[in-house]
There are 2 protein chains.
Amino acid sequence: MFRTHTCGELNLNHLNQKVTLSGWVSVIRDKGFMIWIDLRDRYGITQLIIDEERSDKSLLETARNLGREFVIQATGTVIERASKNPNIPTGEIEILVENLEILNESKLPPFTIEDKTDGGEELRMQYRYLDLRRNPVKNKLIFRHKVAQEVRKYLSDKGFIEVETPVLIKSTPEGARDFVVPSRMNPGEFYALPQSPQTFKQLMMVGGLDKYFQIVKCFRDEDLRADRQPEFTQIDCEMAFVEQEDVLEIFEGMTKYLLKEIHGIEIEKFPRITYEEAMRKYGNDKPDIRFGMEFHELNDLAQNKGFEIFDKEELVVGISAPTLNSYTRKDIDRLLEWIQRPQIGARGFVWVRVNEDGSFKSSADKFYSQEDLAAFAERMNAQKGDLMIIMAGKANDTRKQLSALRMELAERLELRKPDEFAPLWVVDFPLLEWDEETNRWHAMHHPFTSPKPEDISKLKTNPGEVRANAYDMVLNGNEIGGGSIRIHDKELQSQMFELLGFTPEQAEEQFGFLMNAFQYGAPPHGGLAFGFDRLVAILDGSETIRDYIAFPKNNSGRDVMIDAPSPIDPSQLDELEISLKQ
Amino acid sequence: MFRTHTCGELNLNHLNQKVTLSGWVSVIRDKGFMIWIDLRDRYGITQLIIDEERSDKSLLETARNLGREFVIQATGTVIERASKNPNIPTGEIEILVENLEILNESKLPPFTIEDKTDGGEELRMQYRYLDLRRNPVKNKLIFRHKVAQEVRKYLSDKGFIEVETPVLIKSTPEGARDFVVPSRMNPGEFYALPQSPQTFKQLMMVGGLDKYFQIVKCFRDEDLRADRQPEFTQIDCEMAFVEQEDVLEIFEGMTKYLLKEIHGIEIEKFPRITYEEAMRKYGNDKPDIRFGMEFHELNDLAQNKGFEIFDKEELVVGISAPTLNSYTRKDIDRLLEWIQRPQIGARGFVWVRVNEDGSFKSSADKFYSQEDLAAFAERMNAQKGDLMIIMAGKANDTRKQLSALRMELAERLELRKPDEFAPLWVVDFPLLEWDEETNRWHAMHHPFTSPKPEDISKLKTNPGEVRANAYDMVLNGNEIGGGSIRIHDKELQSQMFELLGFTPEQAEEQFGFLMNAFQYGAPPHGGLAFGFDRLVAILDGSETIRDYIAFPKNNSGRDVMIDAPSPIDPSQLDELEISLKQ
């Protein structure tokens, strides 16, 4: 027993009690005749005091030899502080130390263990075990734990059972790239790490488990963009005998439950919009609806007025940015540069100031009268003080560019409030998307997603128009979950594989077990998976996923703390009957 | 909405309600004028009835075309059954069907979906998704879910936080063989899958997380013995600022909590015995104490009586098997053959019958008088009707053989009751064991286990005698958990690595990050890991771990359902810059 209490719990109720605490030396203040030590553990900080009058002399010496992050054990009496600290729960007391033991020494840490540290990201990753001692990092992991517990509680109460699916599975070339694991006992053969437990959860529905979930690690060997991890965590769910509405209801319920339990926020009903509407209104299938600035199409108002740049384009579309009439000409020029960056690639925009006196001033005044601009403003519901921004071009590209601008302006205007939560469902996704590179159809969600029954007839004639029973949950501009009603009919599944360019032999080889299972009484089923890392980050008002992972990897897929991956012993390669290429 | 109720919930309270059920056709009984269907889902079975008088004619035809395991949806009215079935919760009612829809057809399954099936293990594994529909299989997975939930509840309530540790880590040759994962982004380098999150949990203690747990997949590329899986699940736990007693208390509490919640069994306090005592008393470091038959050493009573077979041996030791005086001479001969099998390899034993009249009859009557045998009986506390069995030989071997016999006899005498739970702690394990093959010391638990402080001085002089701060929790003859207080001092850890045959360079290369971490204020810490698959099986009164895994692999590490591992595309190998050896 190294302690009677933690460093976060003592207060005036414990006055005069003899206690033992253990923890790390956070701060030492030496006044010569008196030494204070801030002792820190997971639960808080408690002040220790040693002075000439009341303490043994040797204690002062011991204390003087302590360094930051030394691990110590202190025994003493809880006394009332002379000068109280109202900012911490233990701020009214301190411990008059009678015994002090050094449990372990510490080298000076490479960065300060404070809420605001002086360590750069790379250094903190290398010493992640020290970074974990900092409140912002530790609290994020505790928050993640809490969310996981609440998710499990909600789903268990709803009759879901958590089933562990295997990690060593079979490689399938569809989707992203698999990590593979050579099998020593089956030389020349490989396991793959799951990109998701998709086929297993469908097999469990065939197996009658009815309601399944799992908080589970998944793996993708992809070139890592910022904040993409090779291993990530999903809340994976599947239900039998359900239609889309049943799935939406359960998981809308789950998200409401989390917002209520965690933030005390009650949300009545999540709005729903179709994929098509989301693209038209926000240029984005995961719109942030904490703020407006919706798109308004202006083809009928802006074309055929002699402004050639608009006339010949597929789409003229604009947003009205609140209060941005305050932008100077220079500010606007910089905004123009911003959207012309290669990452966004827009050609430019037309701006229209909505002045306080009700007049308009536009960069295309030559072509548009005050009445024209008033019509724009009416369409966009622009208010005095707004800046209207209008772009034109090919519909898809322009929407994408304007969406990027919308998000950027929302950031600048601080409309993306971290403590506001605006969930919605995006439904009716297209089943397929055409891939220019491979010149074939790809499944927009995955190959097991069912088309809407009323669109099945178009599968042969017009696949691009077929809508799927697929849905995403979007929270604050992030897709936090997505799912679909699955195909449960062998014939329809075969047809899908064919459409996706699989030969019957390839389909059989890769998904034969699933097709086979579908012959033995597969029930209608569907489900959804949440990106758990992202969900946790967003619920905590952040978008930095990496902070919510205890031991993340960097952008090269490396764990810089343990130095993995790393070369392995040649004898290991021999046992696996593989060799490295030169 | 495919159903208004499940197949497990309707009873007389629902009389005359119109309901819709969905599920699988379990049994059809066709009386010509009347057809009954047992409709099954995860929650139970409900009887459907269709008859000439009350039902539409077309329904009888539809019903007649149903096959076993067809998925159907039936709408009808809840009515009282003429002949009730008291064995199922829905046995008092049936559904008079008004509408019947086939949701999916089914081929005839390769084995019957009944509690007692006609399918062999291999077939059931191949069609695991059908096996899951059977109650015994499904219920085991639900049981596992329940145990996991209770474990999480208990540990969370005690202040533990569940933290996910990485699956793609670094290969270390100590311990069992790692599965490795070639890194495409870092050619020539490999990740390893964790055999346990050991080093991460220690780093979290250095990081001040104080109390950590995780229910986590672990991996070992070992030649599979019966009931060993290449991937398995641990309850992994670690605590800072603890001594052995603190760890035992928390996890004894957890196991008590599980026994109470799951079986309503209350256990006061777990017995504790040292490793040495366990070996002396049971010949086994995981003794089953649901029954007696403890070992009694007889050297002083049995040697120097002219019986040479005993005289020259290191150990003479016996057990008294209750009621086994009923064994005929033939039975005893067969028992002899049993222990002489190569798996056990004993030479033989001496038996002594304890007759009802108080007399003894022994296979060594020539050497032992009735008084001698009475002394044996007294030592062993043998009762009338017992059969004493005495073996001799080298101490370790003989104890092992007698332990196997003790377990075998307990099985035969049905003393290993599946609904009785007898946990205990085995403590004070040796720190090291000598490995004849490699001619060096191995860590009995693992290289991070701390020696008992009072034994540290023997590390250099007599390593074999050093005891560890290591402990196992044993339940019904199975080690369900094991752990230790860890080394938190860099110097001591270096000394351990040296003792285990690591060069300083090897230690640095493989565990440098841990050694480094120990320099920055590592607190005293320790923990424990439970084998979750085994814990669940034993709590459910079984020892067959595989039954508690949703998708287990066979003894060659194959998933015969999805057919993994399997060859991968040569382009995948190219991307990974590895090739197969011929």
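The values are calculated or read from the model by the stated rules, or taken from the named source; none is laboratory data. Everything numeric here is computed off the predicted structure, so don't read it as measured data. Backbone-built Cβ (ideal geometry, glycine too); neighbour counts: all protein chains shown. Calculation scope for accessible area: heavy atoms of the full protein, side chains included, ligands and nucleic acids excluded. Shrake-Rupley method; radii C 1.70, N 1.55, O 1.52, S 1.80 Å.
Kirkwood Rh, the stretch B:12-104, all Cα pairs: how many Å? Show your work: numbers first, answer last.
Numbers: mean 1/r = 0.0770 Å⁻¹.
It is 13.0 Å.
Shielding of B:199-211 by partners, i.e. mean partner chain Cβ atoms within 10 Å per residue? Don't jump to the answer; show the numbers that get you there.
On the way: counts 1, 6, 0, 1, 8, 6, 2, 9, 13, 16, 8, 6, 1.
For this peptide, the per-residue mean of nearby foreign Cβ atoms is 6.
Taking every alpha carbon pair in the stretch A:1-41, what does the distance histogram look like in 10 angstrom bins from 0, in percent?
Distribution as computed: 25, 47, 27, 0 percent.
Choose one of A:T544, A:F270, A:N13: the residue whose Cα lies farthest towards the positive end of the charge dipole of chain A (beta-carbon charges +1 Lys, Arg; -1 Asp, Glu; about the Cα centre).
About the Cα centre, the residue reaching furthest to the positive side is A:N13.
Test of the criteria: in the stretch A:1-88, which chymotrypsin sites (Phe, Trp or Tyr not before Pro) are in a DSSP loop and have at most 16 other Cβ atoms within 10 angstrom of their Cβ? Display every interim value, and only then the final one.
Working: sites: A:F2, A:W24, A:F33, A:W36, A:Y43, A:F70; in loops: A:F2, A:F33, A:Y43, A:F70.
Within the stretch A:1-88, the qualifying chymotrypsin sites (Phe, Trp or Tyr not before Pro) (loop, at most 16 other Cβ atoms within 10 Å) are A:F33.
Going by average Cβ neighbours within 10 Å, how do the peptides A:448-457, B:474-483 rank, with the highest at the top?
Details: A:448-457: 16.7, B:474-483: 21.9.
Top of the packing list down: B:474-483, A:448-457.
Rounded, prolate or oblate: which fits the protein assembly as shown, taking a ≥ b ≥ c as square roots of the Cα gyration tensor eigenvalues, rounded meaning a/c under 1.5, else prolate when a/b beats b/c?
Values: a/c = 2.08, a/b = 1.31, b/c = 1.59.
Since a/c reaches 1.5 but b/c is at least a/b, the shape of the protein assembly as shown is classed as oblate.
Below 8 Å, C-alpha to C-alpha, sequence gap of six or more: please give me the relative contact order for the stretch B:17-116 in percent. All intermediate terms of the calculation are to be shown ahead of the outcome.
Numbers: 201 pairs, mean separation 29.4, N = 100.
For the stretch B:17-116, the relative contact order is 29 percent.
If each label sits 7 angstrom from Cα along the C-beta direction, how far apart, in nm, is A:R228 from its counterparts in the other copies?
Values, ascending and in nm: 3.9.
For B:D397, what accessible area in Å² do you get when you roll a 1.4 Å probe over the heavy atoms of the protein chains, rounding to the nearest 10?
Roughly 80 Å² of B:D397 is accessible to a 1.4 Å probe.
Quick check for the stretch A:291-412: number of Lys pairs with alpha-carbon distance under 17 Å, counting only pairs 8 or more apart or on different chains? Before the final figure, lay out each step's value.
Numbers: A:K305/A:K361; A:K305/A:K366; A:K312/A:K394; A:K330/A:K361; A:K361/A:K384.
The result is 5.
With each label point set 7 Å from Cα along the Cα-Cβ vector, what nm distance links B:N439 and A:E268?
The answer from the label model is 8.2 nm.
Peptides A:189-199, B:299-309, B:114-124, A:239-249: what's the order by average Cβ count within 10 Å, highest mean first?
A:189-199, A:239-249, B:299-309, B:114-124
Do me a favour and compute the ellipsoid semi-axes for chain A from its Cα gyration tensor, root of five times each eigenvalue, largest one first, whole Å. Can you show the working numbers first?
Details: eigenvalues 513, 284, 107 Å².
For chain A, the ellipsoid semi-axes come out as 51, 38, 23 Å.
If you add up the charges near B:S156, with Lys and Arg at +1 and Asp and Glu at -1, over every other residue whose beta carbon is less than 13 angstrom from its beta carbon, what do you get?
Working: positive: A:R144, A:K146, A:R152, A:K153, B:R152, B:K153, B:K158, B:K211; negative: A:E150, B:E150, B:D157, B:E162.
Cβ neighbours under 13 Å give a net charge of +4.
Around A:N396, what is the net charge, scoring Lys/Arg as +1 and Asp/Glu as -1 over all other residues with Cβ under 13 Å from its Cβ? Numbers along the way, then the final one.
Working: positive: A:R280, A:K394, A:R399, A:K400; negative: A:E276, A:D285, A:E313, A:E314, A:D397, A:E433, A:E436.
Counting the neighbours of A:N396, the net charge comes to -3.
Compute and list, largest first, the equivalent-ellipsoid semi-axes of the stretch A:241-396 from the alpha carbon gyration tensor, each √(5λ) rounded to a whole angstrom. Please report the intermediate quantities before stating the final value.
Values: eigenvalues 257, 69, 47 Å².
The answer is 36, 19, 15 Å, longest axis first.
Shape of the stretch A:147-225 from its Cα gyration tensor (a ≥ b ≥ c, root eigenvalues): rounded if a/c is under 1.5, otherwise prolate when a/b > b/c, or oblate? The partial results should precede the final answer.
Values: a/c = 2.50, a/b = 1.73, b/c = 1.44.
Here the stretch A:147-225 falls in the prolate category.
Protein chains only, probe 1.4 Å: how do A:T6, B:T328, A:T233 rank by accessible area, largest first?
From most exposed to least exposed: B:T328, A:T6, A:T233.
Report, by chain and number, residues whose modeled amide H sits under 5 Å from the one on A:S362, excluding near sequence neighbours (fewer than 5 apart, same chain).
Here the answer is A:R353, since their amide H atoms fall under 5 Å of that of A:S362.
So, with +1 on the Cβ of K and R and -1 on the Cβ of D and E, and no other charges, what is the size of the charge dipole of the stretch B:291-412 about its Cα centre, to the nearest 20 debye? Write out the running numbers ahead of the final one.
Details: 17 positive and 20 negative charges, 81 e Å.
That gives the stretch B:291-412 a dipole magnitude of about 380 debye.
Compute the relative contact order of chain B as a whole-number percentage, counting only Cα pairs closer than 8 Å that sit 6 or more residues apart in sequence.
Relative CO of chain B lands at 13 percent.
Taking loop as defined by DSSP and a crowding limit of 15 other beta carbons within 10 Å, which GluC sites (Glu not before Pro) in the stretch B:376-426 fit? Could you put the intermediate results ahead of the total?
On the way: sites: B:E378, B:E408, B:E411, B:E414, B:E420; in loops: B:E414, B:E420.
For GluC sites (Glu not before Pro) across the stretch B:376-426 that sit outside H, G, I, E and B with at most 15 neighbouring Cβ atoms in 10 Å, the list reads B:E414, B:E420.
Partner chain Cβ atoms within 10 Å, averaged over the residues of A:99-106 - can you pull that number for me?
On the way: counts 0, 0, 0, 0, 7, 11, 6, 6.
Mean shielding by partner chains, rounded to a whole number: 4.
Which value, in debye to the nearest 20, describes the size of the charge dipole of the stretch A:365-466 about its Cα centre when Lys and Arg Cβ atoms bear +1, Asp and Glu Cβ atoms bear -1, and nothing else is charged? Let's see the in-between values first.
Numbers: 14 positive and 19 negative charges, 22 e Å.
Charge dipole of the stretch A:365-466: 100 debye, to the nearest 20.
Given the rule -39500 (n - 2.57) for each run of at least 4 DSSP H residues, summed and divided by the residues of chain A, what is its mean residue ellipticity at 222 nm, to the nearest 500 deg cm²/dmol?
Details: 17 runs with 170 residues, N = 582.
Computed ellipticity for chain A at 222 nm equals -8500 deg cm²/dmol.
Considering only DSSP states other than H, G, I, E and B, which chymotrypsin sites (Phe, Trp or Tyr not before Pro) in the stretch A:91-142 qualify as loop sites with at most 10 other Cβ atoms within 10 Å?
none
Select from B:I35, B:G67, B:L108 the residue farthest towards the positive end of the dipole of the stretch B:13-109; place +1 on Cβ of Lys and Arg, -1 on Cβ of Asp and Glu, and compute about the Cα centre.
Value computed over the given set: B:L108.
Give the Debye-formula value of log10 I(q)/I(0) at each listed q (0.11, 0.15 Å⁻¹), with one equal scatterer per alpha carbon of the stretch B:306-414, two decimals each.
-0.31, -0.60
From the square roots a ≥ b ≥ c of the eigenvalues of the alpha-carbon gyration tensor of the stretch A:101-259, which class results: rounded (a/c under 1.5), prolate (a/b over b/c), or oblate? Numbers along the way, then the final one.
On the way: a/c = 2.46, a/b = 1.44, b/c = 1.71.
Taking the square roots of the gyration eigenvalues as a ≥ b ≥ c, the stretch A:101-259 is oblate.
Can you count the Lys pairs in the stretch B:434-582 whose Cα atoms are under 27 Å apart, with each pair 8 or more apart or on different chains? Write out the running numbers ahead of the final one.
Working: B:K452/B:K460; B:K452/B:K490; B:K458/B:K490; B:K460/B:K490; B:K553/B:K581.
Lysine pairs, 8 or more places apart or on different chains, close enough: 5.
Evaluate the distance, in nm, between pseudo-label points positioned 7 Å from the Cα of A:N462 and of A:A374 along their respective Cα→Cβ axes.
Placing both labels 7 Å beyond Cα along the Cβ direction yields 4.1 nm.
Using alpha carbon centroids, what distance separates the stretch A:46-123 and the stretch B:212-244, in Å?
Between the Cα centre of the stretch A:46-123 and that of the stretch B:212-244, the gap is 36 Å.
Using the Cα centre of the stretch A:139-216 as origin and beta-carbon charges of +1 (Lys, Arg) and -1 (Asp, Glu), tell me which of A:F179, A:V206, A:V151 is placed farthest towards the positive end of the dipole.
A:V151
Only four residue types carry charge here, +1 at the Cβ of Lys and Arg and -1 at the Cβ of Asp and Glu. Report the dipole size of the stretch A:23-112 about the Cα centre in Debye, rounded to the nearest 20. Present the calculation step by step, with values, prior to reporting the outcome.
Values: 11 positive and 15 negative charges, 68 e Å.
Result for the stretch A:23-112 is approximately 320 debye, rounded to the nearest 20.
Per residue of B:118-128, count partner chain C-beta atoms within 10 Å of its C-beta, then hand back the mean as an integer. Numbers along the way, then the final one.
Numbers: counts 0, 0, 0, 0, 0, 0, 0, 0, 2, 6, 7.
Partner-chain Cβ atoms within 10 Å, mean over residues of B:118-128: 1.
Could you give the length gained by full extension between B:E479 and B:D357, i.e. 0.36 nm per residue of separation minus their alpha carbon distance, to one decimal place? The partial results should precede the final answer.
Details: separation 122, 0.36 × 122 = 43.92 nm, distance 4.13 nm.
Going from the current span to full extension adds 39.8 nm.
For A:K84, go through the lysines and keep the ones whose alpha-carbon is under 25 Å away, minus same-chain ones fewer than eight residues off.
Those lysines meeting the cut-off are A:K18, A:K31, A:K116.
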